[in-house]
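Read through the structure below, which is laid out as structure tokens, and then see the notes.
The values are calculated or read from the model by the stated rules, or taken from the named source; none is laboratory data. Bear in mind that the values here come from a model prediction, so they are computed numbers and not experimental data. All Cβ positions, glycine included, derive from the backbone under ideal geometry; neighbour counts span all protein chains shown. Accessible surface is based on the protein model in full, side chains and every heavy atom, while ligands, DNA and RNA are left aside. Shrake-Rupley method; radii C 1.70, N 1.55, O 1.52, S 1.80 Å.
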Amino acid sequence: MSRYQPAQIEPRWQQHWEDQKTFRAVEDPSKPKFYTLCMFPYPSGSGLHVGHPESYTAIDIVARYKRMCGFSVLNPMGFDSFGLAAERAAVREGRHPAEITRENIANFRHQLRRLGFAFDWGREVSTHEPDYYKWTQWIFLKLHEQGLAYLAEVPVNWCPAQGTVLANEEVVDGRYVETGDPVERRMMKQWMLRITAYAERLIDDLEGLDWPDGVLEMQRQWIGRSEGAEVHFSVEGAAGEGQRFTVYTTRPDTLFGVTYAVLAPEHALVGQITTPERRAEVEAYVSAARNRSDMDRQVAAEKEKTGVWTGAFAINPVNGARVPIWVADYVLATYGTGAIMAVPAHDERDHAFAKRFGLPIIEVIQAPAGFDVQAAAFTGEGPAVNSGAYSGMASAAFKKLITAWLEERGLGAKKVNYKLRDWLFSRQRYWGEPFPVVHGADGRIHTVPESQLPVELPHIDEYRPTADGRPPLARASDWLQTDIAGEPVERETNTMPQWAGSCWYYLRYMDPQNTEQAFAPDKVAYWRNVDLYIGGVEHAVLHLLYARFWHKVLYDCGLVPTKEPFQRLFNQGMILAYAFREAGGKYHHPDTVEQRPGQAVTITSAWSLGPVETDWYVKGTETPVEQKLGKMGKSLNNSVDPLDVVAMYGADTLRIYEMFMGPLEQVKPWQTSGCEGVFRFLSRVWRLFVDEDSDQLRPLPEASPKPVKKAVAAVLKECAEGFEALKFNTPISKMMELVNTCAGTPPARPDAEAFILALSPYAPHLAEELWQRLGHAESLAAHPWPTYNPADLIDDTVTYAIQVQGKLRGSVELPRDLGKDEVLAAVRAHPSVQKYLEGVSIKKEVFVPGKLVNLVTG
């Protein structure tokens, strides 16, 4: 081998690392620990694209650096392998999802290994394997023991075509976002997790976490803590005599401005209080609302308010006013009490509804001069008006007094509320974790004894619901019927959601081979929690929230030593790619199109449906295509397989290019051609140390020139600072500057080794090869991180600006250690100032050490 040939170098070192178990994590009490983790992938059939390695490379760089800094490092990888996508593929292909999943995992594993990541593959987990989900079921039993898992009849989003319940986030405009299938609302018995019991701690414990501000705020908003009061409204009239409903409000200071009340369509009182003449209209409205998801209803309400009057009235508890009771779908039964008091003068949503239906608007908080509450709601605070004895009082004081008044009379109470709802934990799917519970003939629920875990997923060949609408597991008749202590029982046929396995996988990595425990106490006591977690911002809410909830439950059970699972979180920016699409909608891969400057035509955009000009064409045809930057995806025909890039340039090139594209957190466009410059850089590094004619190590000088020593020190400084701050692009620039400074001559051995060690987290294969050629028998992976002398960063010379009469006339480079008199003498003798000193005398010499000399003449 003479030229830099990654195809020969990289497989050899990957095999060496595997054979030697170089990256095996060890619980070493003599070393500090560092746990790095990237969010594990779902093993889809399309495999990894070049966007995936971005976070893996960043984690890998930090893991390698921390290992060299003396830490015992845990850097694992696994697969989030349950989920609906594999079940859909099984239906399409007529194969079992386990078979499809095994194939996909093998492909992912091959891709990841070929990229040279320093994962401890001995700790690999897959959430679909029984030896993993045994412990997912065990944690569910812990939740059940704590009273945090329960069955409830709840309104759900039912997709008949998929035969399963969907989360609110999966339904838009009454259809499943993935497939477009229609979705309807049904009441169903579902397993729920009482995450609301942890709402306060889930907010409070965000303090002290090193997470992006945006993610912290999204968590707070999702949990939605607010302080206010519950207020009881009685229903007027014979039909509602003795009945009342409760509302929650953060603005009890606006109670005197209530002009109507609204119940959710599902509220139990709706059918009881609706008057006969209003019943038909109300029932039609309720029926239509029940077929829409909560999220769909909220989104629609932003566009246009809808609702119907029940014909009934409520009594305002603070002033006895009659207020009409309406039904509207923007009020949700699943949020708060399912009823609201409406104050249109001081709430934008209520204002829009009141204007739409001609309801009164009464100002009770004084708006600024010139502000008309009939035209818009004033949502700020201020002195009360039109509020009886409370008029003139400031909002804060009014809230306390009116809440106390309500409490004294049994009409309300102070209340802390959370927007967070309990977690709907059932799915009517096959490819998920079975619940470790059974149902007796008498309706009682029994948990499966721990000794009988795992409750294994039975093999079935049909993954759709049964003819009578039961989940697919009901087809496994032999598995379905069992007994507990001799009593015939039936297994639960729902499965857990895909979130379940990802809620605790970081803990299983600590002790993945343990068959007796989910994780041994000594293992979790050593690794504690994740020090650095990198993943996409799309998981900023649900995955992180659910994992934090489970972790806190385990903490309360005395099973983990920390309150939080992930100490530091970082969201990498997405890597985008150009998609190319014909007017008719067909996508073309970027490799199959070409740009023809000067041949632009106008076509109808398949995206915007309007006219667009383009000079891109399908190669070898006259078919124009439109170009658009966006996500990579199989459906867009614009995915780039990382192994295709590796085949052209090598894994080290791909790793460095992804880190060199820009700051890790920024969104960046992919350009395969951009790898060319990085490959040239690595080729120059190779030639710096290896003679391409003889394939031998080039002779190293006894000492490095000062500029080279300075460049090496700059590399080490930028790497150490960059790795800690997750800023990876600047160190690469410094390495390129170092190679330029060397000008084809390698540094002396100490500097050469320091450079190769600094390069190794980015380009581990090339670094290992050069390290070996320098005479080292052992891998550099555990070699101590190199140090540098800060003095090497300081130049031996300094440039002085020369001024005459305050005007710049030149500059001179002088030794840094020259004294004032020597510097002034050199400046006076410098050719650039001689002509300005002819025939004049120097009256004053201004000397600023290391910066400038100003000669004042007269």
### Message
Taking the conditions exactly as written (surrounded by fewer than 13 Cβ atoms within 10 Å (Cβ to Cβ), of a type in the set (S, T, N, Q) and either farther than 29 Å from A86 by Cβ or modelled with pLDDT of 95 or more (or both)), does Q14 satisfy them or not?
### Response
no
### Task
Might you check whether a residue that is in a loop (DSSP other than H, G, I, E, B), at pLDDT below 95 and of a type in the set (A, V, I, L, M, F, W, C) occurs anywhere in the stretch 611-631?
no
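Taking the criterion of being more than 30 Å from E769 (Cα to Cα), part of a loop (DSSP other than H, G, I, E, B) and in contact with a His (Cβ under 9 Å, 6 or more places away or on another chain), would at least one residue in the stretch 9-28 satisfy it?
So far as the stretch 9-28 goes, no, none of its residues is more than 30 Å from E769 (Cα to Cα), part of a loop (DSSP other than H, G, I, E, B) and in contact with a His (Cβ under 9 Å, 6 or more places away or on another chain).
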### Query
Considering only the stretch 393-448, how many residues are open to solvent by less than 40 Å² (accessible area, probe 1.4 Å) and part of a loop (DSSP other than H, G, I, E, B)?
13
### Task
Answer yes if at least one residue in the stretch 449-470 is outside any loop (DSSP other than H, G, I, E, B), in contact with an Asp or Glu (Cβ under 9 Å, 6 or more places away or on another chain) and open to solvent by less than 60 Å² (accessible area, probe 1.4 Å), and no otherwise.
no
### Message
Could you check the stretch 124-140 and list, in sequence order, the residues that are open to solvent by 10 Å² or more (accessible area, probe 1.4 Å) and assigned to a helix (DSSP H, G or I)?
### Response
P130, D131, K134, W135, W138
#### Entry: Residue check, E490 in a strand (DSSP E or B) and either out of contact with any helix residue (DSSP H, G or I) (no Cβ under 9 Å at 6 or more places or on another chain) or open to solvent by 30 Å² or more (accessible area, probe 1.4 Å) (or both)
yes
### Task
For the stretch 632-659, name all the residues that are surrounded by 15 or more Cβ atoms within 10 Å (Cβ to Cβ) and not in a helix (DSSP H, G or I).
M632, G633, N637, N638, S639, V640, G650
### Task
Determine the pairs where a residue that is outside any loop (DSSP other than H, G, I, E, B), located within the stretch 353-380, has a partner that is surrounded by fewer than 16 Cβ atoms within 10 Å (Cβ to Cβ) with Cβ atoms under 7 Å apart, the partner being 6 or more residues away or on another chain.
I365/G382
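Filter the stretch 570-619 down to residues that are among the polar types (S, T, N, Q) and under 30 Å from I534 (Cβ atoms) and give me whichever is surrounded by the fewest Cβ atoms within 10 Å (Cβ to Cβ).
The qualifying residue surrounded by the fewest Cβ atoms within 10 Å (Cβ to Cβ) is N571.
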### Task
Just one of (1) within 21 Å of C503 (Cβ to Cβ); (2) open to solvent by less than 60 Å² (accessible area, probe 1.4 Å); (3) modelled with pLDDT under 85 trips up L151, so point out which.
(3)
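Confirm whether A720 is out of contact with any strand residue (DSSP E or B) (no Cβ under 8 Å at 6 or more places or on another chain), open to solvent by less than 10 Å² (accessible area, probe 1.4 Å), more than 14 Å from F660 (Cα to Cα) and in a helix (DSSP H, G or I).
Numbers: out of contact with any strand residue (DSSP E or B) (no Cβ under 8 Å at 6 or more places or on another chain): yes; open to solvent by less than 10 Å² (accessible area, probe 1.4 Å): no; more than 14 Å from F660 (Cα to Cα): yes; in a helix (DSSP H, G or I): yes.
So A720 does not fit the description; no.
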### Query
Which ones in the stretch 802-838 are open to solvent by 90 Å² or more (accessible area, probe 1.4 Å) and part of a loop (DSSP other than H, G, I, E, B)?
Q805, R816, D817, E838
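Limited to the stretch 29-69, what total is found for residues that are assigned to a loop (DSSP other than H, G, I, E, B) and open to solvent by 30 Å² or more (accessible area, probe 1.4 Å)?
11
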